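The block underneath contains the structure these notes are about, expressed in C-alpha cells.
The values are calculated or read from the model by the stated rules, or taken from the named source; none is laboratory data. In this text the structure is predicted, and so the values were computed from the model without any measurement. So basically every Cβ, Gly included, is an ideal-geometry build from the backbone, and we count neighbours across all protein chains shown. Calculation scope for accessible area: heavy atoms of the full protein, side chains included, ligands and nucleic acids excluded. Shrake-Rupley method; radii C 1.70, N 1.55, O 1.52, S 1.80 Å.
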Amino acid sequence: MPVLRFDNVSKQYPGGHAALAEVSFAVDAGEMLFVTGRSGAGKSTLLKLIQLAERPSRGAVLFDERNLARVRGGAIAAHRRNVGVVYQNHQLLMDRSVADNVALPLVLRGIKRGDAGKRVRSILDKLGLAARERALPSQLSAGEQQRVGIARAVVAEPALLIADEPTGNLDPALSTEIMALLAALPERGTSVLVASHDLGLVKRMKKRVLVLDQGRLVDDIAPEDLVDE
Ligand code: ADP
C-alpha cells in the first residue's frame, strides 16, 4: 500500500496561475525519491499539500489511502505528527539546546522525559552530534545545524519525511553529506521525499526523481534510468 498518493491534483492560488496541474504519483512505504524542477515549478506547493499547509483546488492527496480533504480541525495536528519536516533554514529554536530541539516532537507526543532523552541521545549519536547535545544552535556550523534539523525530523519515526531544499544553504560537499544522511538515516519503513532544484546532486543520489515543469509532472524517472553527468 502506498503511504502517499497524489490523484490528479491541481492547485491554483487565488489570482494566480496553476501552481500544480493534474499531478498523479504514489510513494511506497520505505521509498526515497526526489522532486525537482526550476524555481516556481511547484515543488514547495506539493510539499505544502502533504502537510496540510495548503489544500488542493482539484483532485485528492491520500495519506495511507485516507483522503486528506477529510482531515480537519484537531486531526490536522495528528496528521502532521506522521510527517517529519526538514527545512532549508533548519528552523531550530535558537534559545534551546540541541537536545531540547531534537526532543520537541517527542514532548509534543507526550513521551516521558526519560524515554525521550534516550531516543534523543541515540539519534544524536547516529548523526555524530553526541558531543554537541548541550550546545546552542548558534554555536554549531551550518552543516551541524542542518543535521540537528534532520535529527528532530526523524526522532519520532514518522511514516514520511519531507525536506524542502534541505541543502539550499550548504556548499556542495556538505550538500552531498546531508543528502546521504537523508537516504540512510530513516528507520525502515519511513518514506523520504526531498524537493531540490539541484539536478546534478539529485542525479548522483540514484533514487527515483519526479520532474515538475510549470506545475506539471513531466517525468518520473526510475533510478536505473538516471544517466551519469
Ligand atoms: P517551487 O517550490 O518549485 O519554487 P512553488 O510551489 O513555490 O514552486 O510555486 C509554484 C507557483 O505558485 C509559482 O508560480 C509561485 O509564484 C506560485 N505561488 C506559490 N505560493 C503562492 C502563494 N502563496 N500565493 C500565490 N502564488 C503562489
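Structure data summary
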{"quantity": "Filter pass, L181 being closer than 19 Å to G84 by Cβ, assigned by TED's automatic domain parsing to the domain that holds E65 and of a type in the set (A, V, I, L, M, F, W, C)", "calculated": "yes"}
{"quantity": "Residues located in the range 134-147, provided they are in contact (Cβ under 8 Å) with a residue 24 or more places away in the chain and open to solvent by 50 Å² or more (accessible area, probe 1.4 Å)", "calculated": "R134, L136, S138, A142"}
{"quantity": "Restricting the range 212-229 to residues that are crowded, with 18+ Cβ neighbours inside 10 Å and part of a strand (DSSP E or B), the residue that is farthest from the ligand (Cβ to nearest atom)", "calculated": "I221"}
{"quantity": "Cross-chain or 6+ apart pairs with Cβ under 9 Å, the range 191-215 first and at negative phi and assigned by TED's automatic domain parsing to the domain that holds P56, then within 12 Å of the ligand (Cβ to nearest atom) and aromatic (F, W, Y)", "calculated": "none"}
{"quantity": "Residue selected from the range 1-54 under the condition out of contact with any strand residue (DSSP E or B) (no Cβ under 7 Å at 6 or more places or on another chain) and more than 12 Å from the ligand (Cβ to nearest atom), by the criterion most open to solvent (accessible area, probe 1.4 Å)", "calculated": "M1"}
{"quantity": "Every residue from the range 60-80 that is open to solvent by 50 Å² or more (accessible area, probe 1.4 Å) and in a strand (DSSP E or B)", "calculated": "R66"}
{"quantity": "Residue that is most open to solvent (accessible area, probe 1.4 Å) [pool: residues in the range 90-120 that are hydrophobic (A, V, I, L, M, F, W, C) and part of a loop (DSSP other than H, G, I, E, B)]", "calculated": "M94"}
{"quantity": "In the range 171-193, residue farthest from the chain's Cα centre (by Cα) [restricted to those that are surrounded by fewer than 19 Cβ atoms within 10 Å (Cβ to Cβ) and not in a helix (DSSP H, G or I)]", "calculated": "D171"}
{"quantity": "Subset of the range 29-66 [of a type in the set (D, E, K, R) and closer than 10 Å to A195 by Cβ]", "calculated": "K43"}
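Okay, residues lined up against (1) in contact (Cβ under 8 Å) with a residue 40 or more places away in the chain; (2) closer than 21 Å to F34 by Cβ; (3) touching a Cys at 6+ places or on another chain (Cβ under 7 Å):
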site	(1), (2), (3)
R113	no, no, no
G149	yes, yes, no
D171	no, yes, no
S175	no, yes, no
